[in-house]
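The values are calculated or read from the model by the stated rules, or taken from the named source; none is laboratory data. Owing to the predicted nature of the structure, the values given are computational and were not obtained by experimental measurement. In this analysis, Cβ positions are derived from the backbone assuming ideal geometry, glycine residues included, and neighbour counts consider all displayed protein chains. These area figures cover heavy atoms from the full protein model, side chains too; ligands, DNA and RNA do not enter into them. Shrake-Rupley method; radii C 1.70, N 1.55, O 1.52, S 1.80 Å.
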Amino acid sequence: MDVWANIATGFDVAFSAQNLMYCFLGVFLGTFFGALPGIGSLAAVSMLLPITFYLDPTTALVMLGGVYYGAEYGGSTSSILLNLPGTPSNAVTCLDGYPMTQQGRSGVALFATTIASFFGGTFGILMLYSLAPLIVQWALEFGPAEYFAIMVFGLVAAATVTQDAPAKGLAMVVAGMLLGTIGADLNTGIARFTFGYFELHEGISFIALAMGLFGVSEVILSIGQKIDKPFIQAVTFRSMIPRRDEVRRSGMPMLRGAGLGAFFGALPGTGPSIATFIGYAIEKRLSKHPEEFGKGAIEGIMSPESANNAAVQSAFIPTMTLGIPGSATMAVMMGALLIHGIQPGPQLMERNPDIFWGLAASFWIGNVMLLVLNIPLIGVWVRLLKIPYGILYPAVLCFICIGVYTVRTSAFDVVLVLAFGFAGYVLRLLRFELAPLLIGFILGPMVEENFKRAMLIYRGDFTEMLTRPISGTLLAMTALLLVWTTWVILRDSRRNRRKEHLTGGADD
Amino acid sequence: MPRIDPVEAISGLLVLALGAFFFFGSMGYPMGTIGRMGPGFVPHWLGAISMFLGAVILLSSLRIDEPAPDLYWRPLVAVLASIGAFALLLPRIGLVGAALVTAAISILGNRDAGWRMLAITSVSVALICWVLFVLLLRLPIPAFWWDL
């Protein structure tokens, strides 16, 4: 099939009046919820999911996609102005964005992140255009062994790549997979670990899990830390103009960020957050002025924001081509497709080319809308954030409860939010990373299913998986990653012990 | 004499306990063989991996030493109670009442909030939820008890 003809069809679909309107509604609501601290793209998408039940599938996805990347755009606003990440993947932006606000330069930071987001988003969409058709051709040959290997690699990478404590990261992935086994077993229908609760037969609602772990624990910590900072800076158009040297210093970080983001977004398991952390670390290492990082270096916001939005777009690659959701928010979107009777996977592009290409086109239109809208609307979002957190968080909690309740119309799921909110808070105090838990939970059942199928095909002979080229390579890479991680742990602990020996273990 | 970091020690024990729960809990389900796995197989071995990781974390607690984190009891209790109230009240009195009570209880977690602020904020939150979700976005949620 001709790529250009496909792209043209896509824009035809995306430019219909209805799709344009819902795209606009999506990006607007997404930016609004994303800008509220404590509500990320996941909460925003889940809250708005029920409205899309009555739309046709393409329009539904156009709108939810808009909410998703709109929330990621909006999330940087509260990172920069309040030092509170609007979504977990905007956490890195606080490091240099907030110091810029303290120096009275929030206008520049907000303008720069909008440009970086647009650039990253566009780059991610180009990757979606060029890679998705190639991957689909491979994916048709994929068997359960390949699916198993690709997910295990993604999960191990998510747990080890950026973690200070890889053992704890891996423990969270496994904990997520264990929680994922709760519910009816797919092959036999036997209820596992449901403790007699009928509501657990379909498994734990991952929206309840995610909102409890991230949203609720974030709110508790934020109230405790007293973040009612008075915020009085006016953001005018004049204040958005960056210095000439900042423009010059922004280009390469933005490009590197976009590349990293596109890679980690496309790998199921790792996602925007990891891409932003690595992007920041690389810029700091490459910079001629590493001492400026943390004090308002423009590179420190350009790379993560570009990476974030590139990852959001490229996360659609595994979802659309393999049917593997790359992140929690993608899992909700995949749920939306399934509700409309569309099975994401290699067959999607053949059977419903209008959906795939229409979505890709609408993503880009949505990104243009965000660019055009966000610069004049920055003032509105700033005013939204002038509301003190003490008034904001009761509303955030209600929004979370409403979002969880509406997805399955279940008060039981709201009780689960309570339980996971407590668990998330305890885990945060114990310095665990929560993102690997969630992704382990989402991919866990798919890993289990494909592992069982593969072992059935190969009659329990694991070596068959290692000799197939794609699954063998991926599993070898996974093993290398684990060996390397173990080596790093051992090296660091030896270094720590030596330091302890020298300083008497006084500090650090 | 190495000191033990309580945070890492508790973390290790927690992971170990979780693993043990699934390792032993799954023994009540059919295990099957590697070529034809039963429902107990995967949770059993994931539980074993979790126990191993718990032991690794527990061992590492001998080396790391960082200040213990602050506990925030008041926001913790208030926030969790407010969510419980939502789950309890929504099916009985509808969204507006549930949001009102949820907001009010959650505000008790903020030590600086006075009664005036509690009243004004919770009423406004309830109104915003009603207007935004029921009137504008038309979510299928009962707004009041007569909509149930």
Here FRET efficiency (C-beta to C-beta, A:V368 to A:F412, R₀ 45 Å, nearest 0.05) is 0.60
Measure of exposure for A:S130: accessible area at 1.4 Å probe, Å² rounded to 10, is 60
Residue ranges of DSSP H helices in chain B that stretch 20 Å or more (Cα, own long axis) and have mean Kyte-Doolittle hydropathy of at least -0.5 are B:6-25, B:41-60, B:73-93, B:115-129
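Whenever you get a sec, line up A:V62, A:V3 from highest to lowest accessible area (probe 1.4 Å, protein heavy atoms).
Details: A:V62 0, A:V3 70 Å².
The most accessible residue leads, giving A:V3, A:V62.
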Neighbours of A:S306 by Cβ distance under 14 Å: Lys/Arg at +1, Asp/Glu at -1, summed charge -3
In nm, the gap between the two label points placed 7 Å beyond Cα toward Cβ at B:D70 and A:L490 is 4.1
When the charge dipole of chain A is computed with +1 on Lys and Arg Cβ and -1 on Asp and Glu Cβ about the Cα centre, the Cα farthest towards its positive end, among A:P304, A:I402, A:T478, belongs to A:P304
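What Kirkwood Rh does the range A:42-94 have if only Cα atoms enter the pairwise 1/r average? Answer in Å. List each step's numbers first, then the result.
Numbers: mean 1/r = 0.0852 Å⁻¹.
Over the range A:42-94, the inverse of the mean reciprocal pair distance is 11.7 Å.
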Within the under-13-Å Cβ sphere about A:P50, not counting A:P50, Lys/Arg +1 and Asp/Glu -1 give a net charge of +2
With +1 on the Cβ of every Lys and Arg and -1 on the Cβ of every Asp and Glu, the dipole magnitude of the protein assembly as shown about its Cα centre, in debye rounded to the nearest 20, is 1120
Once A:S287 and A:A5 are pulled to full extension, the length gained, defined as 0.36 nm per residue separation minus their Cα-Cα distance, is 97.2 nm
Expressed in angstrom, Rg and Dmax over the Cα atoms of the protein assembly as shown are 24.1, 72
With every protein chain kept in place and a 1.4 Å probe, the residues B:F52, A:F111 fall, from largest accessible area down, as B:F52, A:F111
Given Cβ charges of +1 for Lys and Arg and -1 for Asp and Glu, the option among A:F198, A:L55, A:G265 whose Cα lies farthest towards the positive end of the dipole of chain A is A:G265
Once accessible area is computed for A alone, B alone and the pair with a 1.4 Å probe, the total buried surface, to the nearest 100 Å², works out to 6000
For the range A:277-320, the Cα gyration tensor yields equivalent-ellipsoid semi-axes (√(5λ), largest first, whole Å) of 27, 9, 6
With every protein chain kept in place and a 1.4 Å probe, the protein assembly as shown has an accessible area per residue in Å² of 41
Loop-resident trypsin sites (Lys or Arg not before Pro) in the range B:89-148 with no more than 14 other Cβ atoms inside 10 Å, DSSP not H/G/I/E/B, are B:R111, B:R138
For A:D461, the accessible surface traced by a 1.4 Å probe with all protein chains present amounts, in square angstrom to the nearest 10, to 60
Expressed to two decimals, chain B has a Cα Rg over Rh, using the Kirkwood radius, of 1.21
Of all lysine pairs in chain A that are eight or more residues apart or on different chains, those with Cα atoms under 19 Å apart total 4
Whole-percent carbon and sulfur contribution to the accessible surface of the protein assembly as shown (1.4 Å, no ligands, DNA or RNA) stands at 67
For A:T473 and B:M27, extending 7 Å from Cα along the Cα-Cβ vector and measuring point to point gives, in nm, a value of 4.3
Applying the gyration tensor rule to the Cα atoms of the range B:17-98 (axes a ≥ b ≥ c; rounded if a/c under 1.5, else prolate if a/b exceeds b/c, else oblate), the class is oblate
The answer for the net charge of residues other than B:L53 whose Cβ lies under 13 angstrom from its Cβ, with Lys and Arg +1 and Asp and Glu -1, is 0
Share of Cα-Cα pairs in the range B:6-60 beyond 12 Å, whole percent, is 60
Once the mean of 1/r over all distinct C-alpha pairs in the range B:73-147 is inverted, the Kirkwood radius in Å reads 12.5
Note: B:42-54 gets an average of partner chain Cβ contacts (10 Å, Cβ to Cβ) equal to 6
In cubic angstrom per residue, the convex hull of the range A:314-464 built on its Cα atoms measures 198
Per the helix-only model, the protein assembly as shown has a calculated mean residue ellipticity at 222 nm (DSSP H runs of ≥4, -39500 (n - 2.57) each, divided over all residues, rounded to the nearest 500) of -23500 deg cm²/dmol
